[in-house]
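Worksheet: one structure, shown below.
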Amino acid sequence: MVVGTADCGLRYAVKRSGNAVGYCSLTIKCGTRDEGDFHSGIAHFTEHTLFKGTEHKSARVISGYLDKLGGELNAFTTKEEIVIHSTVLKEDLGKAVSLLLELATCPTFPEEEVAIEKGVVIDEINSYKDSPADDVYDKFEEALFAGHPLGRSILGTAASVRKITSKELRQFTKEHFLPMNMALAIVADIDEKRMEENVLRLAGKVFKEKPETVGERMIIPIPSKPAFNKMVEKRNHEVNAVIGNFAPSLENTEERFSAILMSNIIGGPASNSLLNSLLREKNGWVYDVESSYSQYTESGIMTISLGCERSNLEKCLDAIWKVIRKMQDEEYSSVRLKAAKKQILGQLAISSDNGEAQCLSMGKSLMSLGTIFTDKQNREAIEAVTSEEIRKAALTIFAPESTCSLIFL
């Protein structure tokens, strides 16, 4: 793997794989948290409208540019990034990379296209009303980070989206879409050094001068506030619940690996996770229960989410706390810890075999941490986690006095 920074400040990483398909992504440090005084939801709306025209291509040309090659072009927005990514045959990788940079550096946001896309995004906002499992998580995260930029809604509201203008979109990208806020990642069966030369040549062409503006993100402490435990009557067929708390941040390397392992043990994707085994397999109270851990600049968030019949809610919550208290009171045995580490390392290995997932992970890591952890480094970090560290993570993250909950009845 080749990792570097172009003269303009653009970071890049190129990794050779043994696949005829090539993957590229452009991660831009400009998410919902960076919206400032702009209308709520503008980061997500920018992601949608980047494809609606550039100084060199119309929306129609962009739409079919990679499609006619059998490729794919997509994008998504998170709290801290906008990511544009593409999948093509390796011989078309140059066209894909060039298009990603073009979309990010010279979008025009035509007024007629912006007006049409508002309807699409507002429909997306309304669709969440039919997806309570997603809605309850988003509302929980907004409440947990209330008073902090991380508490902003990614989609915004229908009212705020209606107010976004082409002029505002151009100003937003002008302030945030700077080369030092971008990381380009490429995974394909290519010569890494030759591709690096192509990336540097293209970067020099696209970014002729290094911007005077640095575009540094402000680090804002998470405001201290009491824990919340809310129930909202929704009259849905199913009860949806989220319990959780703050967790280690991206930069807290030692503690975040303990948190990753603990979350996977409690409610990871495998059917033998503690909560899945107890709530679903043994008692049949839920269809799905999972633990998730998201990492941001100032903090992380760990949650346990579930959906169940109203009559099973108290039994589920009692069972969850029973599992948590056991992890807080007892150290995991060496045999079980070894098995848990083998499981998560296997999951990571399988995930890294997916070129697209690997490419997206490389871009996020490069933009957020300034480096990319190798498979060896990840393995060593997981292997170094002790039973006592997992117990401490459970005590800290799921401390009863600070753990929050939101339940849609």
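The values are calculated or read from the model by the stated rules, or taken from the named source; none is laboratory data. Quick caveat: nothing in here was measured; it's all calculated off a predicted structure. For neighbour counting, all protein chains shown are included, and Cβ atoms are generated from backbone atoms with ideal geometry for every residue, glycine included.
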>> Restricting to the range 235-249, name every residue that is within 17 Å of the chain's Cα centre (by Cα) and crowded, with 22+ Cβ neighbours inside 10 Å.
In response: A247, P248
>> I'm trying to understand the selection: among the residues of the range 15-41, which are over 21 Å from the mean Cα position of the chain (by Cα) and β-branched (V, I, T)?
In response: V21
> Which ones in the range 164-207 are surrounded by fewer than 16 Cβ atoms within 10 Å (Cβ to Cβ) and of a type outside the set (D, E)?
Replying inline: T165, K167, R170, Q171, K174, K193, R194, R201, G204, K205
>> Looking at the range 305-312, can you tell me whether even one residue there is closer than 30 Å to L366 by Cβ, under 27 Å from the mean Cα position of the chain (by Cα) and crowded, with 19+ Cβ neighbours inside 10 Å?
In response: yes
> Restricting attention to the range 253-278, which residues are of a type in the set (S, T, N, Q) and more than 16 Å from V289 (Cβ to Cβ)?
Replying inline: T253, S258
>> Being of a type in the set (S, T, N, Q), on the phi < 0 side of the Ramachandran plot and modelled with pLDDT under 95: is that true of T303 here?
In response: no
>> Step by step: first the residues of the range 350-365, then only those that are touching a helix residue (DSSP H, G or I) at 6+ places or on another chain (Cβ under 6 Å) and modelled with pLDDT under 90, then the one that is farthest from I186 (Cα to Cα). Which residue is that?
In response: S351
>> Quick check on my filter: what residues within the range 279-304 are crowded, with 17+ Cβ neighbours inside 10 Å, hydroxyl-bearing (S, T, Y) and farther than 19 Å from T403 by Cβ?
In response: T297
> Does any residue of the range 207-230 turn out to be farther than 18 Å from E102 by Cα, in the same structural domain as F145 (by TED's automatic domain parsing) and β-branched (V, I, T)?
Replying inline: no
> Pairs under 6 Å by beta carbon, first residue within 15 Å of P269 (Cβ to Cβ) in the range 347-374, partner surrounded by 13 or more Cβ atoms within 10 Å (Cβ to Cβ) and not aromatic (F, W, Y), six or more apart or different chains?
Replying inline: S351/A357
>> I'd like the full set of residues that are buried (at least 22 other Cβ atoms within 10 Å of the Cβ), within 20 Å of Y296 (Cβ to Cβ) and touching a strand residue (DSSP E or B) at 6+ places or on another chain (Cβ under 6 Å), limited to the range 34-82.
In response: A43, H44, E47, E81, I82
> How about the range 250-268: which of its residues are surrounded by fewer than 19 Cβ atoms within 10 Å (Cβ to Cβ) and either assigned to a helix (DSSP H, G or I) or not hydrophobic (A, V, I, L, M, F, W, C) (or both)?
Replying inline: E251, N252, T253, E254, E255
> Got at least one residue in the range 60-70 being without any contact (Cβ under 8 Å) to a residue 40 or more places away in the chain, over 19 Å from M367 (Cβ atoms), assigned to a helix (DSSP H, G or I) and in contact with a Phe, Trp or Tyr (Cβ under 9 Å, 6 or more places away or on another chain)?
Replying inline: yes
>> For the structure I just gave you, tell me whether K118 is in a helix (DSSP H, G or I) and either within 21 Å of the chain's Cα centre (by Cα) or closer than 30 Å to S299 by Cβ (or both).
In response: no
>> Between a residue in the range 167-185 that is in the same structural domain as G9 (by TED's automatic domain parsing) and any residue that is acidic (D, E), which pairs come within a Cβ distance under 8 Å, given they are 6 or more apart or on different chains?
In response: F172/E35; H176/D34
> On the given criteria, is G370 at positive phi and at pLDDT below 95?
Replying inline: yes
> Only one of A185, A203, A159 is small (G, A, S), under 28 Å from T297 (Cα atoms) and in a helix (DSSP H, G or I); which?
Replying inline: A203
